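*Asks:* My questions all concern the structure below.
The values are calculated or read from the model by the stated rules, or taken from the named source; none is laboratory data. Nothing here was measured: the structure is a model prediction, and the numbers come from that model. Cβ placement follows ideal geometry from the backbone for every residue including glycine, while neighbour counts extend to all protein chains displayed. Note: accessible area is taken over every heavy atom of the protein model, side chains too, but ligands, DNA and RNA are not part of it. Shrake-Rupley method; radii C 1.70, N 1.55, O 1.52, S 1.80 Å.
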Amino acid sequence: MPAVTAPAFGTTGQARPIAYDPALVPALKQDHHDLVALFSEIGHCAKLDRFDDIPKLLVSFKTNLEAHLIAENVRFYNYVERTLEGDSENTLLIRSFRREMNAIARGVVDFVKKYQLARFDVDTRRAFMADYEAVGDLLAQRIQREEASLYPLYQPI
């Protein structure tokens, strides 16, 4: 049974369908696990006063987050939006999650830019820890909500 439902655009500009991939949600969850581990490593370095390690870790975190978001946007959201076209309630939920994640992503990128080249004096370290905690809380809440409310919508048709 073909599970072709959502269009994506290839190099020719022609729409090509995105098929259901049973490995997608487990891969996205693994991304979450890896992102949380990397983010925790950043916090661990800060707590150990190893601020020289932080800029490189921040860039790695941002790169991994962006790759995750691209996979989510192209493979997950497009497929789910297409399969739930007639379901206005879930379509609104999906679009809301998508907008929220874009805002969170901008916040994370701003956080990374702010500290990737920073000189970590006492004030910067204090500000970093406050920002780190705020970003970490946002990410943890978002991951929990995605995995509990959004990922179950990804189903074969």
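*Asks:* Could you list, bin by bin from short to long, the percent of Cα-Cα pairs of the range 71-157 in 10 Å steps?
*Replies:* Answer for the range 71-157: a P(r) of 15, 39, 23, 15, 7, 1 percent.
*Asks:* Now a separate question. Given [x] 18.0, 61; [y] 21.6, 69; [z] 16.1, 50, which label gives Rg and Dmax of the Cα atoms in Å as computed from the coordinates?
*Replies:* Computed from the coordinates, Rg and Dmax of the Cα atoms in Å corresponds to [x].
*Asks:* Something else now. Tell me, what % of the accessible area of the chain is carbon and sulfur with a 1.4 angstrom probe?
*Replies:* Values: 4970 of 9060 Å².
Answer for the chain: carbon and sulfur cover 55 percent of the accessible area.
*Asks:* Then there is this: Which residue, chosen from 120, 20, 46, occupies the Cα position most advanced towards the positive end of the dipole of the chain, where the dipole is computed from +1 (Lys, Arg) and -1 (Asp, Glu) charges on Cβ about the Cα centre?
*Replies:* 120
*Asks:* Further, regarding this structure: From the mean inverse distance of alpha carbon pairs (Kirkwood) and the Cα radius of gyration, derive Rg over Rh for the range 34-81.
*Replies:* On the way: Rg = 14.0 Å, Rh = 11.8 Å.
That ratio equals 1.18.
*Asks:* Continuing with the same structure: Please identify the DSSP H helices in the chain that span no less than 24 Å along the helix axis (Cα) and have a mean Kyte-Doolittle hydropathy of 0.5 or more.
*Replies:* Values: long enough: 24-47 (34 Å, 0.19); 54-71 (25 Å, 0.76); 88-116 (41 Å, -0.36); 122-145 (35 Å, -0.37).
Helices meeting the criterion: 54-71.
*Asks:* Another one. How high is the relative contact order of the chain? Use alpha-carbon pairs under 8 Å, at least six apart in sequence, and give a whole percent. Present the calculation step by step, with values, prior to reporting the outcome.
*Replies:* Working: 121 pairs, mean separation 45.9, N = 157.
Relative contact order for the chain comes out at 29 percent.
*Asks:* Further question: Taking +1 at the Cβ of each Lys and Arg and -1 at the Cβ of each Asp and Glu, which of 97, 109, 76 sits farthest along the dipole of the chain towards its positive end, judged by Cα position relative to the Cα centre?
*Replies:* So the residue furthest toward the plus end is 109.
*Asks:* Tell me, what is the per residue accessible area of the chain in Å², probe radius 1.4 Å? Intermediate results must be reported in sequence, preceding the final value.
*Replies:* Working: 9060 Å² over 157 residues.
Each residue of the chain exposes 58 Å² on average to a 1.4 Å probe.
*Asks:* A follow-up question, please. Using a cut-off of 15 Å between beta-carbons, work out the net charge of the residues near residue 31 (Lys and Arg +1, Asp and Glu -1, residue 31 not included). Provide the component values of the computation, followed by the final result.
*Replies:* Numbers: positive: 29, 62, 75, 142; negative: 21, 34, 66, 72, 146, 147.
My count for the surroundings of residue 31 gives -2.
*Asks:* With each run of n ≥ 4 DSSP H residues scored as -39500 (n - 2.57), what mean residue ellipticity at 222 nm is computed for the chain after dividing by its residue count and rounding to the nearest 500 deg cm²/dmol?
*Replies:* -22000 deg cm²/dmol
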